[in-house]
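Read the structure below first, then the notes.
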Amino acid sequence: MKGVVVPFVVFLSILTLCGSTLAAAPTALVLHDGLTETFAISLVNLLGHFREYEARTSPLNSTEYNEIISSEAVFVLMAYDSPPPGPQVREALEKRTGLTVFAGEHRWMGSSPSIMVCDRVSYRGNSFWIEGYAVRKKDNLFGETVVAMSQSGQDVPFIERNGNCWMIHGIPMFEVPAWIMADVLHDILGISHAQKRTAMLRLEDINPSYSGERLKKLRDCIEYLYSEGVPFSLAVFPVFINARGEPRALLITDNPPLMELLQRAEKMGGTVIMHGTSHQYHQVSGEGSEFWDVETDGPIPDEKAYFHERMRYGLWLFREAGLHPKLFEAPHYNMPLSLQKELSNYFGTIAGSLMITDESYTVSQDFPYIIHWSWAGLTVLPEQLGYIATDAESMSIVTILERLDILTAIMRDPFACFFYHPYVAGDLYLRELIPQIRDRGYVFVDVSQYGGDPLVEVFEADHIWPLAYSRVPLSRYLPLIIGLGGAVVLGMVYFRQKKKKKKEMFRE
Ligand SMILES: [Zn+2]
Ligand SMILES: [Zn+2]
């Protein structure tokens, strides 16, 4: 009997083990209609901060009854002009006992037509100015007020709670209201993360045109950060296109001093970010968005083929330059959802803000904390503090610190990031800003831990543009060299023979 029991117990424990590894993560279902799809995508991005849940969007009226009932968390997003949910959805929502969050404007639940445009919001003992946030008053309260807003001193609920049900009024997709909602999601989902202040710094727009004074300033930044033990990242694009009209490509491999400096930076705590390939579409490098046509505010024709060509070329050049990008950052953050999905063929991590539509680059989302799994399946290392602008350096530093203080006051686990162009003034402003960020309890982290090597290794790629410096490899000349060499040898043999014949003639 004993002999039978032991294998049975082992079998049972294997079953349990399999069960625990195969068990799907709890689902957070974000239901939307045509008017709230973008809001839903932005919310799924935020829910990606919580590894415990698997969040996804689903159209409200075509979602199965059982799915609504059985999902661990359901978010229902509607606008004032949304048609009311169908009877099946309504019944499922009424029957649900699990966590249910209503967000937006729910006319079917009694939102009134009159709008209040709020200018302040209170959260965690602080009052913040907000820019015209619209909420619709409800005739009766939903539950207890968790966060209140106000218009000229008159309070109105922003977030309410009634047991397992929550109501978020208005559409908080941007700035302070969005960050507050992002922080409250910890309470809504019942997931407490440790209080932790993380910081990231990007040295921005480093490219093959860096030489002389600019290169020295970049070196000064790297050496200062290294001496202070501040891990940093370098957003690099490996091709510089000089002008409109007849573009010529200056490659990173044309610039050995830059390559050597960046290779050294990688050993000094620097993480290279692939910041596109040429940082332009039609324009000069640095000015243009590479993966979105900002002139027409539309996608680039045949965007997928274009995207893969650029990615492969860029990755090949990084490889040739002996550099190891660990994540990606879209030039000017402009990359539609369609290409964010394609990006996961190359990198699992993206830096900066994200476009949340395929329609316009004007709708993009800043994140207050790290996102482990975005709507498109990427880890997002956000940026929300801005940068130090040329000719407005001191003002920029004030603005960065003001934004940092707002972020710190709202978030329990903020991930703060700013970026800096080393050509502005070398390490000068970093020396001013970095200690002030650290004084606020932030720790700069090595962001390579959130990224990884490119998922594709590119050993060869065709040039996309005519090169600024033509560098045809010796191997290309090999047939010519062999041909010429052969001709010389043949010529020598011929003349020798002729000479010999002449000599022999005279001998006779
Ligand atoms: Zn958190
Ligand atoms: Zn850039």
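The table below lists the values:
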item	result
Search result, residues across segment 431-455 that are closer than 22 Å to Leu323 by Cβ and either away from ligand 1 (no atom under 16 Å from the Cβ) or in contact with a Leu (Cβ under 9 Å, 6 or more places away or on another chain) (or both)	Phe444, Asp446, Val447, Ser448, Gln449, Tyr450, Gly451, Gly452, Asp453, Pro454, Leu455
Unmet criterion (only one of (1) within 21 Å of His169 (Cβ to Cβ); (2) touching a residue at least 60 places away in the same chain (Cβ under 8 Å); (3) not β-branched (Val, Ile, Thr)) for Glu52	(1)
Filter pass, Leu203 being surrounded by 17 or more Cβ atoms within 10 Å (Cβ to Cβ), within 16 Å of ligand 2 (Cβ to nearest atom) and under 23 Å from the mean Cα position of the chain (by Cα)	yes
For Glu329: the one exception among (1) at pLDDT below 95; (2) touching a His at 6+ places or on another chain (Cβ under 9 Å)	(1)
Among the candidates His282, His372, residue that is surrounded by fewer than 19 Cβ atoms within 10 Å (Cβ to Cβ) and within 16 Å of ligand 1 (Cβ to nearest atom)	His372
Of all residues making up segment 194-245, the number that are without any contact (Cβ under 8 Å) to a residue 12 or more places away in the chain and within 16 Å of ligand 1 (Cβ to nearest atom)	0
Single match in Pro382, Pro422 (criterion: within 16 Å of ligand 1 (Cβ to nearest atom) and either farther than 16 Å from Phe128 by Cβ or at pLDDT 95 or above (or both))	Pro382
The lone exception for Arg310 - which of (1) within 16 Å of ligand 2 (Cβ to nearest atom); (2) of a type in the set (Lys, Arg); (3) in contact with a helix residue (DSSP H, G or I) (Cβ under 6 Å, 6 or more places away or on another chain) it fails	(3)
Elements of type strands (runs of 3 or more DSSP E) contained in segment 206-299, each with 3 or more residues being under 18 Å from Gly352 (Cβ atoms)	232-236, 270-274
Residue match in segment 122-129 (condition: farther than 23 Å from Arg412 by Cβ and either in the same structural domain as Thr27 (by TED's automatic domain parsing) or out of contact with any His (no Cβ under 7 Å at 6 or more places or on another chain) (or both))	no
Segment 407-432 - residue that is aliphatic (A, V, I, L, M) and part of a loop (DSSP other than H, G, I, E, B) and, of those, nearest to ligand 2 (Cβ to nearest atom)	Val424
Test result for Thr100, away from ligand 2 (no atom under 16 Å from the Cβ), in contact with a helix residue (DSSP H, G or I) (Cβ under 7 Å, 6 or more places away or on another chain) and among the hydroxyl-bearing types (Ser, Thr, Tyr)	yes
Candidate set: segment 33-58, residues that are in contact with a Gly (Cβ under 9 Å, 6 or more places away or on another chain) and more than 16 Å from ligand 1 (Cβ to nearest atom); chosen: the one nearest to Trp179 (Cα to Cα)	Phe39
Filter result for the condition that a residue is farther than 22 Å from Met173 by Cα and either hydroxyl-bearing (Ser, Thr, Tyr) or in contact with a Cys (Cβ under 8 Å, 6 or more places away or on another chain) (or both), over Ser127, Ser62	Ser62
Residues that are within 16 Å of ligand 2 (Cβ to nearest atom) and touching a Pro at 6+ places or on another chain (Cβ under 6 Å), drawn from segment 324-370	Met355
Qualifying residue in segment 9-27 (condition: modelled with pLDDT of 95 or more and within 20 Å of Ala178 (Cα to Cα))	no
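The values are calculated or read from the model by the stated rules, or taken from the named source; none is laboratory data. As the structure is a computational prediction, the values presented were derived from the model and not from experiment. Cβ: placed from backbone, ideal geometry, glycine included. Neighbour counts: every protein chain shown.
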